[in-house]
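The structure appears below as structure tokens.
The values are calculated or read from the model by the stated rules, or taken from the named source; none is laboratory data. Since the model is a prediction, treat every value here as computed from it, not as a measurement. Positions of Cβ are generated from backbone atoms using ideal geometry, with glycine treated the same way; all protein chains shown enter the neighbour counts. Just the protein is used for accessible areas: all its heavy atoms, side chains included, with ligands, DNA and RNA removed. Shrake-Rupley method; radii C 1.70, N 1.55, O 1.52, S 1.80 Å.
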Amino acid sequence: MSENRSYPLDIEISPVYIDKILHFVRFYYLRQQPENFRNIRKTREGLFFTASDDNRLWNADFFLKASSPIHVDVDASISTPDSVLDEIKEDLLLVVKIYEEQINRSTLYFSWVEGEDIIPEELPTIRKRLSIRMLTSNMLLLYILFFSITIILFLLFGVYGVFAFIFIQFCIVLLSDKIFMRTGHWKITEKNPYVHVVQYNLSNGEFDEFQKKFSKKMIMNMKSEIYKRSLAVGKEPSCELGEEVFESYGMTCNPQHKSSKVVNVYSIVKTAVDRFGLPMPSIVISNNMVPNAAATGPSPTRGVVLITTGLLVHLEEDEILSVIGHELSHLQGRDPLILFGIIAGEFILRLTVLLPVVVLSPFLYLFIVIWSIYFVAKFFEARADLVSAMKIGQPEVLAESLRKIGYARLAHERKPSSRIPSWLRLDTHPPLYFRIDRLERMKDLEKIKNPLLTSIKDVFLGFKSAFGL
């Protein structure tokens with residue numbers, strides 16, 4: 001008897017690289033482990049190999065089809081451990097993503113929103129990163145700064161200074177939707193729902209030549225020219241139009257190395273809010289290739305969802321939907337306000353009941369309290385995963401999106417020696433391996449009465465398991 005499995009390995013680069021990806025998997029993954037893999041052969045149809053243990057007590061035949069996406073078919077003996085099949089799946093995705101990242105380093109992205117200004121792709125500035133973290137559930141990263149400020153204010157103005165500072169923070173949270181809207185580049189509406197992305201995968205030599213030859217201003221001029229020939233006259237920005245514009249600037253691209261994508265962002269968010277029963281939030285797009293999404297606002301009626309073009313490029317629409325579901329659960333649960341309340345409560349306790357402890361050992365107190373607050377924040381992140389799975393109804397899709405977004409961290413966390421540090425670091429999110437495994441094991445979601453209590457229990461169990469308890 002045998003077990004059959006099939007799953008895709010999605011790639012967000014030109015299909016022309018499929019054959020090269022399979023060669024990369026063959027030489028940099030399979031050939032490096034002759035004790036685990038045999039019968040390795042590459043054909044026009046795809047890549048074949050067999051995985052087995054040393055004593056040949058079990059074996060599994062794999063076929064990676066040369067298609068876009070790459071489809072993996074597995075024919076495993078009934079004695080093959082599921083853990084082995086899951087590990088090979090994780091490995092294959094990791095190897096493919098490593099190759100994709102190499103290509104993305106020399107990829108030119110051109111993104112538009114109809115009717116909006118042409119804005120070049122950029123990396124987020126320090127100011128923007130801080131504003132996003134402060135206004136979402138990740139506002140805890142400013143805790144150390146706030147700790148120092150409250151001590152100074154207490155010494156200068158007493159308790160009144162501290163309460164004034166807490167009041168200012170509260171006002172920032174109340175105005176978070178207004179502030180957050182300013183961190184995006186484009187606004188998405190029902191009448192203006194689409195984000196267009198054209199990407200050109202250049203060779204390293206071509207990319208170096210492009211960087212030397214064209215400034216940011218010239219790249220923006222190219223985008224404007226493509227826009228004028230397409231969206232401005234009611235046409236989609238096709239790859240052919242982009243090629244014509246490149247040639248007019250004296251730059252030649254291989255037509256096989258380009259692809260385009262159109263995402264109806266409004267429709268995806270609308271689907272998510274309908275399943276949550278929430279009012280439609282404002283939607284803003286940040287034009288940078290770091291895959292990310294966030295939601296904030298003092299209440300669900302004043303919510304704002306921010307999505308980066310990187311998330312739209314690297315994820316499929318059902319995966320984007322699940323990620324938006326995660327963010328909406330923060331908004332529905334008023335998590336920014338709750339976390340503000342936790343921090344504000346600690347400020348007050350620190351200067352009253354806990355003041356003797358702070359004076360006796362301020363650094364130890366600071367470490368314990370910061371870590372404790374970060375650990376509590378993991379409860380809300382775990383709840384957001386759970387609520388997204390319950391409302392959107394596809395926990396395995398959210399798990400796959402986390403794999404794609406965090407594959408590098410996931411590869412590190414898979415090492416047994418990294419499990420404990422992954423729980424102890426100052427991060428509002430539980431470790432990725434825990435989140436993915438939890439999502440893939442979710443069953444009987446309709447029986448869950450209290451998502452927060454369930455998530456608190458799961459986080460504690462995951463934390464204990466990392467220590468072997």
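Here are a few things to note about the model shown:
- Aspartates and glutamates with Cα under 14 Å of K270, excluding same-chain neighbours fewer than 8 positions away: E190, E317, D318, E327
- Cα centroid separation, the stretch 25-95 to the stretch 277-307 (Å): 40
- Unsatisfied cross-links (Cα-Cα over 27 Å) in the set K191/K378; K391/K457; K97/K415; K258/K415; K20/K443: K191/K378; K258/K415; K20/K443
- Zone of D53's modelled label, taken as backbone nitrogen in the stretch 77-105 under 16 Å from a point 7 Å along Cα→Cβ: 77-88
- Highest average packing first - 185-196, 294-305, Cβ atoms within 10 Å: 294-305, 185-196
- Take each peptide in 426-437, 79-90, count the other Cβ atoms within 10 Å of every residue, and average; sorted highest first, the result is 426-437, 79-90.
- Label-reachable residues, the stretch 395-416, where backbone N falls under 15 Å from a point 7 Å from L445's Cα toward its Cβ: 395-402
- Shown is the FRET efficiency for Y7 and F157, computed with R0 = 45 Å from the Cβ-Cβ distance and rounded to the nearest 0.05: 0.15.
- For F367 and K235, the difference between the fully extended length at 0.36 nm per residue and the C-alpha to C-alpha distance is 41.9 nm.
- Over the stretch 311-469: Rg over Rh, Cα atoms, Kirkwood Rh: 1.01
- Alpha-carbon Rg with Dmax, taken over the stretch 299-402, Å: 17.9, 54
- Förster-model FRET efficiency, 35 Å R0, D75 and I98, C-beta, rounded to 0.05: 0.85
- The stretch 1-117 - percent of accessible surface contributed by carbon and sulfur, probe 1.4 Å: 47
- Of the peptides 266-278, 353-365, the order by per-residue mean of other Cβ atoms within 10 Å, starting with the highest, comes out as 266-278, 353-365.
- Rounded to the nearest 0.05, the FRET efficiency derived from the C-beta distance between K213 and V16 at R0 = 30 Å is 0.80.
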